[in-house]
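Q: Take a look at this one; I'll ask things after.
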Amino acid sequence: MQAEQKKYRILVAEDNDFVRMQMVKYLRDDGYDVSDFYTAADAVTASHDHYDLAVLDVRMEPMGGFEFIKSMRSNNIETPAILVTGDSSPDLLSEASHMGVSAVLIKPVQRDRLLKTVSKTIQREERRSG
């Protein structure tokens, strides 16, 4: 990882303690600044802070990843999002595509896959924003 990438702030919202702690560890070990939340509802208030990327579980109570993204967008927050799920149904993937989700990772989340997806998403955003 390049030193300039270490400034990136990532929001992780996942209701499964083990999965959340594992993703946070992978990201922190790779040099990212990570804030983690048990639910997306808790993370909504934090989303008003500046994050470069959000990693969100699709199914959480009381608010899942899709609802979180809708909340961000309604507040004009364009932070890119990566969804994490155990469900690979075509409907879910279609909805993710329709909402402009950067990527969908299937659980269990593998370290290399997560880091590669985060890096590609950040690079894509850098190119887009110029």
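Q: For the range 18-27, in order, what is each residue's ³J(HN,Hα) by Karplus, 6.51 cos²θ - 1.76 cosθ + 1.60 with θ = phi - 60°, in whole Hz (x at glycine and Pro)?
A: 4, 4, 4, 4, 5, 5, 4, 4, 4, 5
Q: If contacts are Cα pairs under 8 angstrom and at least 6 residues apart, what is the relative contact order of the chain in percent? If you can, show how the numbers build up before the last one.
A: Values: 199 pairs, mean separation 28.3, N = 130.
It rounds to 22 percent for the chain.
Q: Through the Karplus equation 6.51 cos²θ - 1.76 cosθ + 1.60, θ set to phi - 60°, convert the phi angles of the range 54-59 into ³J(HN,Hα) values in whole Hz; use x for Gly and Pro.
A: Ordered by residue, 3J(HN,Hα) equals 10, 10, 10, 6, 5, 10 Hz.
Q: Report the residue, chosen from ARG20, ARG59, ARG28, that carries the largest GNM mean-square fluctuation when the chain is represented by alpha-carbon nodes joined by springs under 10 Å.
A: ARG28
Q: Calculate the all-directions average of the projected area of the range 3-129's alpha-carbon convex hull, and give it in nm². Walk me through the numbers on the way to the answer.
A: Details: hull surface 28.6 nm².
Convex hull of Cα atoms, orientation-averaged projection: 7.1 nm².
Q: So what are the ³J(HN,Hα) numbers for the range 98-111, from phi and the Karplus equation (6.51, -1.76, 1.60; θ = phi - 60°), rounded to whole Hz, Gly and Pro as x?
A: Values, residue by residue: 4, 8, x, 5, 5, 6, 10, 9, 8, 6, x, 6, 7, 3 Hz.
Q: Would you mind working out the magnitude of the charge dipole of the chain relative to its Cα centre, with +1 at each Lys and Arg C-beta and -1 at each Asp and Glu C-beta, to the nearest 20 Debye?
A: For this selection, approximately 480 debye.
Q: Counting only helical runs of four or more DSSP H residues, what would the 222 nm mean residue ellipticity of the chain come to if each run contributes -39,500 (n - 2.57) and the total is spread over all its residues?
A: Result for the chain, helices only: -13500 deg cm²/dmol.
Q: Just ALA54, ALA96, ALA81 to compare: in a GNM of the chain, with alpha carbon springs under 10 Å, which one fluctuates most?
A: ALA96
Every read-out reported here was derived from the displayed coordinates using simple, explicitly stated rules and does not represent laboratory data. Source: prediction; values computed, not measured. Neighbour counts are summed over all protein chains in view; Cβ atoms, including those assigned to glycine, are modelled from backbone coordinates with ideal geometry.
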